[in-house]
Amino acid sequence: MPQAVATVADRSRDRAVSTESADGSMGTGGRAAGVGGSDFAPLLRAVKGQGLLERRTGWYAAVIASNLLALGGVLTGLVLLGNTWWALLLALPLAILWSRTAFVGHDAGHAQITGDRRASRIIGLVHANLLLGMNEAWWNDKHVRHHANPNHIDKDPDVGVGALVWTQKQAAQREGFARLLTRNQARLFFPMLLLEGIALKVSGFQYLRQQPAGERVLSALLLVTHLGLYATLLLTVMSPGKAVVFALVHHALFGLHLGMAFAPNHKGMEMPDPDPDGDRWGHLQRQVLTSRNVRGAVLTDWFLGGLNYQIEHHLFPSMPRPHLRRAQPLVRAHCESLGMPYAETGLVESYRQALQHMHEVGEPLRQPAETAR
């Protein structure tokens, strides 16, 4: 579902505009803390008025071309170095370029690059399935649910129970090794990210069974092609032992980089309580209060793939990456005018806050041991 996230955003915007003149509220949100859903509509008009939702196809074409050229350069370097441990030095730039590739696939899934759904899907399939071995259908299915209800414990898969947990209620249900892991999850978070590159591939293959037959065949073919090309390249230029070590180091660095890009975005932010009567928050609150921006300049934008403007990205998922910085002053000023918190911090502080949240989640599980001492 490469266009799913953009569709959710478009529907939210349409509801904001269409209901404003009728009753002053947003169809999906209602009011909370004195902020109504209609408060998103003026911001949407301001953003549209400055052309910030217009696509930047030329910018993305340059980004994609430069990334592919750089990938080609690193792969050429691997071939020229041959069967030597010095080739491990290229695992870092290759991991960084893979993250650039993932960011392009992410943007394609949000329809940021082009409004043509077929073209967006092709870009996503090439960058995710073929170049990374990561199933774009799995990613988009997971990501659309996250964007629709960020940090909602029952609806956002990113805060569901997995290797890590995000609430003390989830932590209380852990048993055995999982309980030990949760007690120390803040300390283990970054080391565990070293496994994320491989985990993304495994999850993509597991998702194949949930895809329609025709889509499944294409996704599987590209995923297997990626693995075949990757293995062939490494085994052609180096010994099997060196190839395995290179692949492990490369995927570890790739997972670490991606995790570092996504970790600051929502961890430790508001987590809406499940509401049996429907959503308590409108689109503006739902996206702003659960998201955190990361301060920085061009280097931060590049390292985090624009995800450091997480608030703007969640409010306007189809907004092209280079426009997020320009939209930030509008969004911040709008939030200030409503008295709504707008979370922004430095990169290191964002990690500290995320780790502090994970540490607090595991706190009840550590208390018996600490009492015994």
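The values are calculated or read from the model by the stated rules, or taken from the named source; none is laboratory data. These numbers come from a predicted model, not from an experiment. Note that each Cβ is placed from the backbone with ideal geometry, even for glycine, and that neighbours are counted across all protein chains shown. SASA here: full protein model, heavy atoms, side chains in, ligands and nucleic acids out. Shrake-Rupley method; radii C 1.70, N 1.55, O 1.52, S 1.80 Å.
May I ask you to say which residue of VAL224, VAL244 is β-branched (Val, Ile, Thr), out of contact with any strand residue (DSSP E or B) (no Cβ under 9 Å at 6 or more places or on another chain), farther than 24 Å from VAL126 by Cβ and open to solvent by 50 Å² or more (accessible area, probe 1.4 Å)? Give the derivation first.
Numbers: VAL224 fails: farther than 24 Å from VAL126 by Cβ.
So the residue among VAL224, VAL244 that is β-branched (Val, Ile, Thr), out of contact with any strand residue (DSSP E or B) (no Cβ under 9 Å at 6 or more places or on another chain), farther than 24 Å from VAL126 by Cβ and open to solvent by 50 Å² or more (accessible area, probe 1.4 Å) is VAL244.
Show the residue pairs meeting these rules: Cβ distance below 7 Å; 6+ apart or different chains; first residue within region 78-102 and part of a helix (DSSP H, G or I); second residue surrounded by 19 or more Cβ atoms within 10 Å (Cβ to Cβ) and among the aromatic types (Phe, Trp, Tyr).
Close Cβ pairs (under 7 Å, with a partner that is surrounded by 19 or more Cβ atoms within 10 Å (Cβ to Cβ) and among the aromatic types (Phe, Trp, Tyr)) amount to ALA87/PHE246; LEU88/PHE246; ALA91/PHE246; ALA95/PHE254; TRP98/PHE254; SER99/PHE254.
If I ask for residues that are open to solvent by less than 20 Å² (accessible area, probe 1.4 Å) and touching a residue at least 60 places away in the same chain (Cβ under 8 Å), which ones from region 47-77 would you list?
Result: VAL47, LEU52, TYR60, LEU71.
Could you tell me which numbered condition ARG321 fails, if it satisfies all but one of (1) crowded, with 20+ Cβ neighbours inside 10 Å; (2) touching a Pro at 6+ places or on another chain (Cβ under 8 Å); (3) among the basic types (Lys, Arg)?
The number of the failed condition is (2).
Name the residue, out of GLY115, GLY105, that is in a loop (DSSP other than H, G, I, E, B), open to solvent by 10 Å² or more (accessible area, probe 1.4 Å) and either of a type outside the set (D, E, K, R) or touching a helix residue (DSSP H, G or I) at 6+ places or on another chain (Cβ under 7 Å) (or both).
Only one candidate passes the filter, namely GLY115.
Within region 295-309, work out how many residues are assigned to a helix (DSSP H, G or I) and open to solvent by less than 10 Å² (accessible area, probe 1.4 Å).
0
Please state which one of THR225, THR182, THR236 is touching a Lys or Arg at 6+ places or on another chain (Cβ under 6 Å) and outside any loop (DSSP other than H, G, I, E, B).
Sole residue among the options that is touching a Lys or Arg at 6+ places or on another chain (Cβ under 6 Å) and outside any loop (DSSP other than H, G, I, E, B): THR182.
Report yes if PRO272 is at pLDDT below 95, within 14 Å of the chain's Cα centre (by Cα) and surrounded by 17 or more Cβ atoms within 10 Å (Cβ to Cβ), otherwise no.
Here the answer is no, as PRO272 does not meet what is asked.
Hydrophobic (A, V, I, L, M, F, W, C) and either within 19 Å of LEU229 (Cβ to Cβ) or open to solvent by less than 40 Å² (accessible area, probe 1.4 Å) (or both), is that true of LEU80?
yes
Kindly provide the set of residues from region 118-161 that are of a type outside the set (A, V, I, L, M, F, W, C), open to solvent by 40 Å² or more (accessible area, probe 1.4 Å) and assigned to a loop (DSSP other than H, G, I, E, B), ordered by number.
ASP154, LYS155
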